[in-house]
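Here is the structure we will look at, set down as structure tokens.
What follows is calculated from the coordinates using simple rules that are stated; it is not laboratory data. Owing to the predicted nature of the structure, the values given are computational and were not obtained by experimental measurement. Because the Cβ atoms are built from the backbone with ideal geometry, glycine has one as well, and the counts that use them run over all protein chains shown.
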Amino acid sequence: MLYINVINIMSVTVYFISDHTGLTVEALGRMLLSQFQLTKCDYHIKSYVNTVEKAQQLAIEIIAKNGGKIIVFSSFVNAQLREVFSKNKIEYIDLFSEFIPRLETILEKKSSAQTGLAHGVGNYHKYMLRIEAIDFALAHDDGLNNKHYEDADLVLIGVSRSGKTPTCLYLAIQLGIKAANYPITADDLHNFSLPLVLSKVKHKLFGLLIDVNRLQEIRNERRPNSTYSSLVQCQQELDHVHRLYKNEKIPFLDTTSLSIEEISTQILLQTGIEKRF
């Protein structure tokens, strides 16, 4: 796999490179780099660098465009592609060459050396579960098709812009979970009780909260200087929805300082829902 991502921090440039989509090397590379608390990162992605010619041209461009220390993460299956970057003035870290040889020793078996297996359609059943979950999340976003909530694994609720949609999509794409989401509006908060459509699937509900200042910031980007984005409106909605969660004994989570991955993991831990693949 070949994928490149660039981060300019104190004259350090970091590339993630792949001969396929780059999703795997990006995820692992970001995780490793997170331990160094780099800031002001500028990422540049290069996928499908799958020939020696492409790799050589890319290596030349990297060196020509960037001064200082250059770090390249890659996940090349092809050893010839790895050689292109290891011979240049680059701090090179290839994930396949680091881990595959050891795994071959442990498993007493040679790797297949095939590109794209991590994201392919090798397991058709798992592939279809993912597609169905994505379709469900899109069809039941923001209160749409709420008559089909009985088919959901989970129904996320919360005020507008509290992170429901991206969380549902992550749960679908990465975990195969059918997640719908319903926005709690001012009209739903007058008597601090659930709308009828939600009360029918109360056992599937999970609530999201967010810091009032962060909520105002997000809403103000969408509708600047409106009642919708005012601090008073945001605080009032959050207070009401928090009270609703407690009155109805609905599990909930503050998403303010959490990534989508962390939010999803916490939801699974609190609800006991298991990922489908």
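Please compute the length gained on full extension between Q35 and H190, using 0.36 nm multiplied by the number of residues separating them and subtracting their Cα-Cα distance. All intermediate terms of the calculation are to be shown ahead of the outcome.
Details: separation 155, 0.36 × 155 = 55.80 nm, distance 4.52 nm.
Answer, rounded to one decimal: 51.3 nm.
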Problem - Estimated distance in nm for a label pair at E83 and E221, the labels positioned 7 Å out from Cα along Cα-to-Cβ - result: 4.6
Fill in the blank from the handout: Kirkwood radius from Cα pairs of the stretch 12-119 plugged into Stokes-Einstein at 20 °C, 1.002 mPa s, gives D in µm²/s equal to 148
Practice task
Give the angle, between 0 and 90 degrees and rounded to the nearest 10, that separates the Cα long axis of helix 124-139 from the longest principal axis of the Cα atoms of the chain.
Solution key: 40
Practice task
Considering only L198, L103, L171, give the residue with the highest GNM mean-square fluctuation for the chain, with springs between Cα atoms whenever their separation is below 10 Å.
Solution key: L103
Handout entry: Cut-off under 5 Å, modelled amide H: who pairs with I210 long-range
Key = T255
Practice task
Treat every Asp and Glu Cβ in the chain as -1 and every Lys and Arg Cβ as +1, leave all other atoms uncharged, and give the resulting dipole magnitude about the Cα centre to the nearest 20 debye.
Solution key: 140
Handout entry: Matching label, Kirkwood radius over Cα pairs in Å computed from the structure shown, candidates (1) 21.5; (2) 19.3; (3) 19.8
Key = (1)
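Which net charge results for the neighbourhood of K164, defined as the other residues with beta-carbon distances under 11 angstrom from its beta-carbon, given Lys and Arg at +1 and Asp and Glu at -1?
On the way: positive: R161; negative: D141, D142.
Cβ neighbours under 11 Å give a net charge of -1.
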Handout entry: log10 of Debye I(q)/I(0), alpha-carbon scatterers only, for the stretch 124-271 at 0.10, 0.16, 0.17, 0.19 Å⁻¹
Key = -0.33, -0.83, -0.94, -1.15
Handout entry: Nonlocal Lys pairs with alpha-carbon distance under 28 Å, the stretch 12-119 (8 or more apart, or different chains)
Key = 18
